[in-house]
Amino acid sequence: NILEHLYTKGICLTLGRPADNLKSLLDEKGIKTENLIFIDAITKKINQKGNLKNCYYVNNPTEIFSAIDSAASSIPGKKFLIFDSLAELYISQGFKSLLFLDFLSDRLSTHNMQAIFLTKDLQDTEIRKFMEEKCDKVIIL
C-alpha cells in the first residue's frame, strides 16, 4: 500500500468524485483516512452538500489553493498531497490545467509536501509531458 510509505498526515485533493465517496473507497481498501484532510472540488459543482468533518468543500481554483494553504498549515513537518485525478483536470480544463499544475507545484514546494497524482490514462497528453518534467518519478500502472 503506497500510503503506508508516506508521512503520517496528508491532504487528498479530489476533482473527479465527492470526498465522501473517495473516503468510503479508501476505507473499503483498508487505507486509514483519519490522518487525511480532504479538499473536494466536485460536490459544490454538482449542487450537493458534503458532510465530512475533515474536508474543505471548494468551488474554484482560488478556493482550492486557499484550502491547500490552510490544510498544509495545520499539519506540522513534512506532509503529502494526493491528487485525484489528473485525467479529470485535463478533461475539464485542457491547456489551462498546465497553469493549475504549475501553481500547485509552487504550493507543494512552499509547504514542503510530497505528492502523488492519480489518473487512469494520460497517454501522450501535455499533462503527462509536464509531469515527467516536474516530478521526480512517474509510475504508470
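A few comments on the model shown:
- Whenever a residue of segment 101-118 is closer than 12 Å to Ile68 by Cβ, its partners that are assigned to a helix (DSSP H, G or I) and at pLDDT below 85, lying with C-beta atoms within less than 7 angstrom and at least six residues away or across chains, give the pairs Ser105/Lys134.
- Only one entry of Ser70, Ser97 meets the criterion of being in contact with a helix residue (DSSP H, G or I) (Cβ under 7 Å, 6 or more places away or on another chain) and either within 18 Å of Ala115 (Cα to Cα) or free of Cβ contacts under 8 Å to residues at least 40 places away in the same chain (or both), and that entry is Ser97.
- Screening segment 32-49 for residues that are open to solvent by 100 Å² or more (accessible area, probe 1.4 Å) and closer than 23 Å to Met113 by Cβ and picking the one that is modelled with the highest pLDDT gives Glu34.
- The one condition from (1) farther than 19 Å from Phe130 by Cβ; (2) open to solvent by less than 30 Å² (accessible area, probe 1.4 Å); (3) of a type in the set (A, V, I, L, M, F, W, C) that Leu89 does not meet is (1).
- The sole residue among Leu141, Leu122 that is among the aliphatic types (A, V, I, L, M), at pLDDT below 75 and open to solvent by less than 50 Å² (accessible area, probe 1.4 Å) is Leu122.
- Restricting segment 1-31 to residues that are modelled with pLDDT under 90 and of a type in the set (A, V, I, L, M), the residue that is surrounded by the fewest Cβ atoms within 10 Å (Cβ to Cβ): Ile2
The values are calculated or read from the model by the stated rules, or taken from the named source; none is laboratory data. It should be emphasised that the depicted structure is a prediction, and the values quoted were computed from it without experimental measurement. Glycine also receives a Cβ, built like all others from the backbone with ideal geometry; neighbour counts cover every protein chain displayed. Surface areas here come from the heavy atoms of the whole protein model, side chains and all, with no ligands, DNA or RNA. Shrake-Rupley method; radii C 1.70, N 1.55, O 1.52, S 1.80 Å.
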